[in-house]
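The values are calculated or read from the model by the stated rules, or taken from the named source; none is laboratory data. Just so it is clear, the model here is predicted, and its values are computed rather than measured. These area figures cover heavy atoms from the full protein model, side chains too; ligands, DNA and RNA do not enter into them. Shrake-Rupley method; radii C 1.70, N 1.55, O 1.52, S 1.80 Å.
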Amino acid sequence: MKKKTVLELGILTFACMQVLCGCEKQQDSPLMTVQVGVACYNQSDTFLSELLASFKEQLSGMETQELSATVMQKDAAGSQRTQDDQVRELLDAGCNVLCVNLADRTNPSEIIELAREREVPIIFFNREPVAEDLMQWSDLYYVGADAQQSGVMQGELAADAILANSQIDRNHDGKIQYVVLEGETGHQDAIIRTEKAVDTLKDKGIGLEKLSYAIANWNRAQAQNRMTQMIGQYRNDIELVLANNDDMALGAVDAYEKLNYTESTLPVFFGIDGTREGLRAVADGRLAGTVYNDKEGQAGAMARLAVALVCGEGMQELSFEKERCIYLPYAKVTADNIEEYQH
Ligand code: GAL
Ligand code: CA
């Protein structure tokens with residue numbers, strides 16, 4: 001057989017590569033880059049750090065030969081001013097889609113204006129802007145979950161536990177003495193979760209006596225502090241702790257552990273989120289239950305939406321409510337179904 005010339009070999013190799021890659025069109029389809037700028041209200045927030053880890057994983061799983069994705073992340077450490085500046089930096093760095101977890105959910109105007117000037121769409125997530133703000137421009141979206149549903153589910157979990165176990169009413173007075181650990185004031189998930197959990201317990205016919213509440217800003221150490229104070233005041237009287245999230249429920253458990261309380265004098269604790277630590281505590285019985293805040297679902301929706309907004313394809317596969325919002329459902333988690341959630 002005649003020896004192939006260098007040129008012929010080159011052509012052959014190129015043809016083989018095209019077949020192998022299945023990318024005959026590659027020449028005329030340029031590489032699309034989704035450059036996501038993520039602005040987070042506070043990176044040390046447990047739920048959000050788990051959500052963002054999942055977001056990065058799912059986004060990079062969407063990369064193909066035609067599509068590359070990068071993520072640049074900023075931490076506002078609770079300040080809206082800082083976050084406004086960070087969004088400007090993300091836009092200057094060339095981000096073509098933004099995922100914004102507002103520091104102050106009532107104050108997105110500056111960010112909206114900056115993004116609008118450069119025509120870069122914004123996906124708000126987890127901290128829901130008020131409806132009028134989302135209407136400021138047509139390229140604004142929201143991905144999150146329905147706060148009301150999580151409150152109702154927490155109330156149902158607590159009601160089921162109380163109805164199934166008469167020992168929870170430790171002083172047998174026919175009422176459950178409870179305290180609430182709340183997230184940040186003004187956060188949709190704090191106000192609504194507390195209200196709905198308590199209403200649901202009442203609807204189920206549970207007699208209640210609210211002893212106290214404390215704001216612990218979603219934070220485990222703050223919750224431990226506030227719980228220690230409440231234990232100092234109410235001693236063995238507290239029968240139920242409703243926490244707006246798992247980290248605060250765990251902080252409450254920490255407070256009792258530190259004071260060496262024994263099991264017979266412990267209240268029952270309920271959280272929301274199903275963080276890694278939260279799920280572990282449900283599995284070992286430290287928490288009686290939690291409500292799963294579907295971080296993988298939310299992160300997946302954010303990733304698909306970000307790609308669709310940049311590439312202009314795939315919007316019809318996403319299901320929107322109120323035109324531009326995506327809400328992922330919550331789910332109840334107890335020792336009975338924990339295996340479905342622990343991976
Ligand atoms: C909630 C979540 C909290 C905290 C908060 C931050 O949805 O349950 O743990 O992450 O968002 O905005
Ligand atoms: Ca009681």
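Numbers below:
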| quantity | calculated |
| --- | --- |
| Cα principal axis extents for the range 194-337, largest first, Å | 59, 32, 30 |
| Per-q log10 I(q)/I(0), the range 31-174, q = 0.11, 0.15 Å⁻¹ (Debye; single scatterer per alpha-carbon; no solvent) | -0.51, -0.78 |
| Beta bridge orientation in the chain: antiparallel %, DSSP, nearest 5 | 10 |
| Longest to shortest principal axis, alpha-carbon extents of the range 140-230, angstrom | 51, 29, 16 |
| Enclosed volume per residue, in Å³, of the convex hull spanned by Cα atoms of the chain | 174 |
| Between 0 and 90°, nearest 10: helix 147-164 axis offset from the chain longest Cα axis | 40 |
| Global size of the range 58-100 as Cα Rg and Dmax, reported in angstrom | 12.6, 39 |
| Surface per residue (accessible, 1.4 Å probe) for the chain, Å² | 48 |
| Within a Gaussian network of the chain (alpha carbon springs, distance under 10 Å), most fluctuating of Glu182, Glu66, Glu156 | Glu66 |
| The chain - percent of accessible surface contributed by carbon and sulfur, probe 1.4 Å | 49 |
